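The values are calculated or read from the model by the stated rules, or taken from the named source; none is laboratory data. Remember, predicted model here, so these are calculated numbers, not experimental data. Virtual Cβ from ideal backbone geometry, glycine too; neighbours counted across all protein chains shown. Ligands, DNA and RNA are stripped out before the accessible areas are found, and what is left, the full protein with its side chains, is counted by its heavy atoms. Shrake-Rupley method; radii C 1.70, N 1.55, O 1.52, S 1.80 Å.
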Amino acid sequence: MTSAKQRLTATDWTEAALAAMAEQGTTGVNVEQLARRLGATKGSLYHHFQNREALLTAALARWEEMVAADLAAAEAVADPRQGLEQATLVAVGSDINGFVDVALGASVADPHVAATLQYVNQLRLDYLDQVLRELGVPSGLSRQRAIGGLATYLGLYQLQHVTGERFDETQVRQFVGDAIAAMLEGTEN
């Protein structure tokens, strides 16, 4: 065994599992395939995790942390509109966030996956609703528009997943700009 294989951490395995989930959903969290991907043995995984389910749980928790951190960073931006843009564009160029949503949708029958998706999307909706209200969208309408904005974001990734086409950063920025304009329609912002 090489020293590189010995140095794999639980984080290495979790990140590899998350990347595999973005590509294939929960079925991508296959111990043998991940070991090959990392150039490691299955024993390395079992040094850090009791089993595949424990790794899957850690990967889902990591994704929740990533989304929460992205939203916290956007909330820290002084200008709410810039924060909204930052929160919406955080996945530009990423093969993780939006694609994890799409891939996990196929595994929503798994209660743990369903709970994670519900939690993450509730965080996103609450953030969007709050920012839209700060930008002058009335309370009831802000929730409706937050749902529309999140649906647009998820739809962009679903479309890429289904067609195999990848939108470049310029295209995504335009789509996001259009979605933000629609969410803010009728306000001064």
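What the table shows:
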| item | result |
| --- | --- |
| Out of Gln86, Gln50, Gln33, Gln24, sole residue that is modelled with pLDDT under 90 and farther than 30 Å from Arg145 by Cβ | Gln24 |
| Selection within the range 14-36 - surrounded by 19 or more Cβ atoms within 10 Å (Cβ to Cβ), in a helix (DSSP H, G or I) and either of a type in the set (Lys, Arg) or in contact (Cβ under 8 Å) with a residue 12 or more places away in the chain (or both) | Thr14, Ala16, Ala17, Leu18, Ala20, Met21, Ala22, Gly25, Thr26, Gly28, Leu34 |
| Hits in the range 137-189 - residues which are within 18 Å of Val77 (Cβ to Cβ), in a helix (DSSP H, G or I) and open to solvent by 80 Å² or more (accessible area, probe 1.4 Å) | Arg173 |
| Failed item, numbered, when Ser94 is tested on (1) at pLDDT 85 or above; (2) more than 24 Å from Thr187 (Cβ to Cβ); (3) not in a helix (DSSP H, G or I) | (1) |
| Residue within the range 81-91 that is closer than 19 Å to Gln24 by Cα and buried (at least 19 other Cβ atoms within 10 Å of the Cβ) present | yes |
| First in the range 120-136 and crowded, with 16+ Cβ neighbours inside 10 Å, second anywhere and of a type in the set (Ser, Thr, Tyr), Cβ under 7 Å, 6 or more apart | Asp129/Ser142; Leu132/Ser142; Arg133/Ser139; Arg133/Ser142; Leu135/Thr187 |
| Candidate set: the range 40-76, residues that are within 18 Å of Gly25 (Cα to Cα) and of a type in the set (Val, Ile, Thr); chosen: the one most open to solvent (accessible area, probe 1.4 Å) | Thr57 |
| Single residue of the range 106-119 satisfying the filter (without any contact (Cβ under 8 Å) to a residue 24 or more places away in the chain and part of a helix (DSSP H, G or I)) that is surrounded by the most Cβ atoms within 10 Å (Cβ to Cβ) | Leu117 |
